[in-house]
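Below: one structure, written as structure tokens.
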Amino acid sequence: MYHIIINPVSRSGRGLQIWNKEVEPVLRRKKVEYRSYFSEKPGDVIRIVRELSIRAQGDLSLLILGGDGTMNEALQGMEDPSRFILGYIPTGSSNDLARDLKIPKNPSDALELILNSETPRSMDLGTVVYPDGEMRHFAVSCGIGFDAAVCEEALHSKIKKTMNRLGLGKLTYLGIALRQLFAAKAVSGKLTLEGGSPVDIGNMLFIACMLHRFEGGGFMFAPDADATDGVLDMCAVGDLPKSLILFALPTAFRGKHYRFKGISPYKAGSLTIETSIPLWVHTDGEVTRKSNCIRIYCRQNALRIHC
């Protein structure tokens with residue numbers, strides 16, 4: 001049986017319509033056994049997944065209709081990720097997980113992929129650990145600094161909701177990114193890879209830690225990332241004039257940004273990032289707090305997903 005969590009406000013408020021008109025009718029027609037659950041506010045998905053973990057025995061087939069943020073919430077509710085077999089119908093604004101896994105954008109096609117998939121694919125899981133012991137899991141990427149600050153402002157932007165309804169959501173991100181870029185203060189950062197010596201990231205703008213190739217709606221910050229190798233691919237940006245960053249960031253859509261001095265790639269199974277002041281941290285675009293020290297590690301093939 002499929003346990004299906006629906007974010008009704010995903011895809012600019014069309015999530016419920018997609019469920020009612022495109023997904024549920026197929027399940028009924030094919031006589032697929034399922035139970036549906038609807039999120040109404042932040043934290044609902046975490047609660048639903050935790051309750052399922054307690055009530056159900058054995059493996060759970062969990063299908064998410066929403067965006068990367070909805071999937072991220074589901075991860076936080078998993079006491080034992082190995083019990084879950086995931087399915088994903090991407091109806092978010094970024095959909096970077098679906099982009100890298102080549103899950104169809106069309107909800108009906110994504111559903112058919114799930115229903116016809118015999119063997120789920122294994123996939124790595126990332127975890128951020130804060131100094132006080134709090135942990136946050138991620139399936140796509142996490143980041144500290146500029147990229148997380150953009151996510152934090154966008155999550156609370158009233159303009160973004162309006163622009164999403166008009167199909168212009170990416171323009172909101174562009175405007176927020178430009179404002180955050182020029183407002184960013186000089187920050188020193190230190191990156192310590194497992195078993196290695198600290199690396200100074202002077203005038204650090206951000207560090208993105210990637211399991212998949214894309215984040216932020218298609219930025220290919222980690223063109224060589226492999227979500228099954230047990231390794232995090234990092235993109236560290238520092239000591240780069242803000243005027244040059246305006247030229248460098250668009251090249252990341254094609255993964256060509258490492259030609260710029262000050263943008264550096266790193267790889268490790270675990271790492272620590274320290275910054276001179278607390279900065280926003282995101283996991284799959286979800287932002288909950290600031291920190292000046294985070295430890296990040298990768299659990300190889302900890303998730304299973306139909307794709």
- Query: How many angstrom lie between the C-alpha centres of the stretch 45-89 and the stretch 207-250?
  - Reply: 27
- Task: Determine the per residue accessible area of the stretch 168-296 with all protein chains present and a 1.4 angstrom probe, expressed in square angstrom.
- Result: 45
- Message: Run through the stretch 1-94 and list the trypsin sites (Lys or Arg not before Pro) located in a DSSP loop whose Cβ has at most 13 other Cβ atoms within 10 Å.
- Response: Lys30, Lys31
- Note on the structure: The pairs in Lys21/Lys41; Lys41/Lys105; Lys185/Lys256; Lys102/Lys242; Lys102/Lys290; Lys267/Lys290 lying past 28 Å Cα-Cα in this model are Lys102/Lys242; Lys102/Lys290
- Item | Between helix 242-251 and the chain: long-axis angle, C-alpha atoms, 0 to 90°, nearest 10 | 40
- Message: Give me the percent of accessible area attributable to carbon and sulfur for the chain, probe 1.4 angstrom.
- Response: 53
- Query: Percent antiparallel among DSSP beta bridges with both residues in the chain, to the nearest 5?
  - Reply: 75
- Item | Helix-derived mean residue ellipticity, 222 nm - over the chain, DSSP H n ≥ 4, -39500 (n - 2.57), to 500 | -8500 deg cm²/dmol
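The values are calculated or read from the model by the stated rules, or taken from the named source; none is laboratory data. The structure displayed is predicted, hence computed values, not measured ones. Positions of Cβ are generated from backbone atoms using ideal geometry, with glycine treated the same way; all protein chains shown enter the neighbour counts. SASA here: full protein model, heavy atoms, side chains in, ligands and nucleic acids out. Shrake-Rupley method; radii C 1.70, N 1.55, O 1.52, S 1.80 Å.
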